[in-house]
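The values are calculated or read from the model by the stated rules, or taken from the named source; none is laboratory data. Remember, it's a predicted structure, so these values are computed and weren't measured experimentally. Methodologically, a virtual Cβ is constructed for each residue, glycine included, from the backbone with ideal geometry; neighbour enumeration extends over all protein chains shown. We work out accessible area using only protein heavy atoms, side chains counted, and drop any ligands, DNA or RNA first. Shrake-Rupley method; radii C 1.70, N 1.55, O 1.52, S 1.80 Å.
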Amino acid sequence: MCGIVGYIGDKPAESVLLVGLERLKYRGYDSAGVAIIDDGDIIIRKSAGKLRVLDEILKENPVNGTIGIGHTRWATHGGPSTVNAHPHNDCKNKFAIVHNGIIENYALLKERLIQNSHIFKSETDTEVIVHLIEENYNGNFLESVVKTVSQLDGSFALAIISEYHPSSMVAVRKGSPLIVGKGDGENFIASDIPALVNLTKRIYYLDDKEIAVITRDDIQFYDFSGKEIKKEEKNISITDKLVDKSEYEHYMLKEIMEQPDIVASIIRERISGEEILFNKLNFDNNYLVKIGRIIIQAAGTSWHAGLLGKFFIEGFARIHTEVDISSEFRYRNPVIEGDTLVVAISQSGETADTIAGLREAKSKFIKVLGICNNMASTIARESDAVIDIMAGPEIGVASTKAYIAQVVSLFLFSLYMGKIKWALQPEDINMYINELKKIPEKIKEIVDKKDEIERLAEQYYNRNNFIFLGRSYNYPTAFEGALKLKEISYIHSTGYQAGEFKHGPIALIDENVPVVCIATQGEIYNKMVSNIQEVKSRDGNIIVIATEGDKQIQKFSDKVIYVPNTIDILSPILNVVPLQLLSYYIALKRGCDVDQPRNLAKSVTVE
Ligand code: M6R
């Protein structure tokens, strides 16, 4: 939520910052801005609206200079307006700052600063930081920042420049992610790695409560007391192929289409012969065998993956498993005993609610397993052990390939636990592995039918409400289908457990509400058919996801999307794919910005 970039070197800062912001716009896109030191003066250009508005402003009014900071915003304090866009400056325009995070004590600080005659221009929490730096400045840039951060409560990643120090910039991290890139005669700051693709491969991850003072040729690191520290340089291997849209119109479609390859590569990485490999897992089997209870906590789509995780873990390893929404888990003072493992699932690894849940568990001396797509993220680094879901960078705000990678990773981890706990026979494990190996080809068959789903979208895109129904392994699929649709098309949609539907929500049914029913072959197929008939007899308009060859389902449905057959427990991996495509095409036909839906950001780093 909010993307930060910084540049110092010999190239025009404006163009480097715009490239970086373009790569980070998934983190927020309601306004954007840059501050560049041009001939000794800080020049700020910023605007409400998407990055292209800033781009236009800079084309008309370019800024020279080779040091600058930039920001793409997802509003928290103060609406998405030009005045609230970052960067913010102090009363005398001697400092400029960009910020990702939230300053919790900003109201008190602002009141005091106003009493001390500081003049505020915006409604943001961020602006207090730059006025504090102004107040604390004694000729030493670093010291003024050290003093300022000691006065702030909350989470913040900051990049700061100053007219007093036109040859250096300062980066600060507490809570919100920030990295420093090392170049040759140039250096960079960024919220996330994609901003640095093609610029450098050498990076430093700032840890919590660390500061970097960056010049063209040097990077020095300090802790929050101002003491110098050493940090290890890391090499990143991300290529622009992974962060570009290739031939696709949107990242979301590209990421949906990548799913067969991602599942295939997870299988390649995690299965060797009949063995499931979690050899880099930082837990030994003596610990794993003693786990008596698992609590999964996550948000949004990752929570839906967690709901499936419960089926897998309880089914394969017979370990009692609960699934909590992170923002609830964190505040309900959960009862957790010593043999409990907390699992934090997060694509980004930076979701504030899930981080808070992780810290809640650790404060009770409970071990945490992170399941992440970003091994450099806060969750990956603070967890006691991590499973890398290996989906590659996901840029579309609507999570697709990361969901499938989370589900496949949970499936394999649960089989692994089932083996360790002696809850599964080797022949059962082999059967599940063999079925999983067929999944990539089956996903491919579904994505290859995307034109058929596009035609379906044509018939339904102008509806105002949608309902998604599923049972057993596929009620999380119904939840996920509904979330995908509402977040990118702004159509009201809700997922229900189909058996629960008759206990109230069925009152919603009339001929205008499409009801998407997941009714692939499996143990509860007949129950699901009964639920569909309940809806049909009340004039519901029914779209069914069914198993290829199921002709009888056509009697109860207005439309059928067929998916290949698989075992019941793996069906959610296939069934979600047509729902992703349906949402994508419906949103497209409604003219929505699929990759950057309104009001959202890819990574929600505020509570
Ligand atoms: O990065 P995380 O997996 O922790 O993100 C959690 C949710 O914010 C995320 O899944 C969100 O619901 C997506 N926009 C869903 O498509």
Only one of these conditions is not met by Asn373: (1) within 24 Å of Lys174 (Cα to Cα); (2) modelled with pLDDT of 95 or more; (3) open to solvent by 10 Å² or more (accessible area, probe 1.4 Å). Which number is it? (2)
Residue check, Glu337 at pLDDT below 95, of a type in the set (Asp, Glu) and within 14 Å of the ligand (Cβ to nearest atom): no
Which condition number in (1) under 22 Å from Ser237 (Cβ atoms); (2) open to solvent by less than 10 Å² (accessible area, probe 1.4 Å) is the one that Gly392 fails? (2)
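Taking the criterion of being polar (S, T, N, Q) and either open to solvent by less than 10 Å² (accessible area, probe 1.4 Å) or outside the structural domain of Glu350 (by TED's automatic domain parsing) (or both), would at least one residue in the range 415-432 satisfy it?
Checked the range 415-432: no residue is polar (S, T, N, Q) and either open to solvent by less than 10 Å² (accessible area, probe 1.4 Å) or outside the structural domain of Glu350 (by TED's automatic domain parsing) (or both).
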Those residues of the range 372-394 that are within 12 Å of the ligand (Cβ to nearest atom), in contact (Cβ under 8 Å) with a residue 40 or more places away in the chain and closer than 12 Å to Gln406 by Cβ come to a total of 3
Filtering the range 587-607 down to residues that are closer than 21 Å to Asn465 by Cα, more than 13 Å from the chain's Cα centre (by Cα) and either within 11 Å of the ligand (Cβ to nearest atom) or not in a helix (DSSP H, G or I) (or both) yields Arg590, Gly591, Cys592, Asp593, Val594, Pro597, Arg598, Asn599
Checking the structure you have, find out if any residue of the range 402-423 is of a type outside the set (Lys, Arg) and touching an Asp or Glu at 6+ places or on another chain (Cβ under 7 Å). yes
Quick one: in the range 477-507, which of the residues that are more than 13 Å from the ligand (Cβ to nearest atom), of a type outside the set (Gly, Ala, Ser) and in a helix (DSSP H, G or I) is farthest from Arg538 (Cα to Cα)? Thr477
Filtering the range 1-52 down to residues that are in contact (Cβ under 8 Å) with a residue 12 or more places away in the chain and of a type in the set (Ser, Thr, Tyr), which residue is surrounded by the most Cβ atoms within 10 Å (Cβ to Cβ)? Tyr7
Given Thr321, Thr351, which one is more than 16 Å from the ligand (Cβ to nearest atom) and hydroxyl-bearing (Ser, Thr, Tyr)? Thr321
With the range 275-359 as the region, which strands (runs of 3 or more DSSP E) entirely inside it contain at least 2 residues that are within 29 Å of Phe156 (Cβ to Cβ) and open to solvent by 10 Å² or more (accessible area, probe 1.4 Å)? 320-325
Note on the range 541-564: residues of a type in the set (Gly, Ala, Ser) and either in contact (Cβ under 8 Å) with a residue 40 or more places away in the chain or assigned to a strand (DSSP E or B) (or both) are Ala546, Ser557
Does Ile569 satisfy the criteria of being away from the ligand (no atom under 16 Å from the Cβ), open to solvent by 10 Å² or more (accessible area, probe 1.4 Å) and in contact (Cβ under 8 Å) with a residue 40 or more places away in the chain? yes
Per the filter on the range 200-236, residues in contact (Cβ under 8 Å) with a residue 40 or more places away in the chain, assigned to a loop (DSSP other than H, G, I, E, B) and hydroxyl-bearing (Ser, Thr, Tyr) are Thr215, Ser225
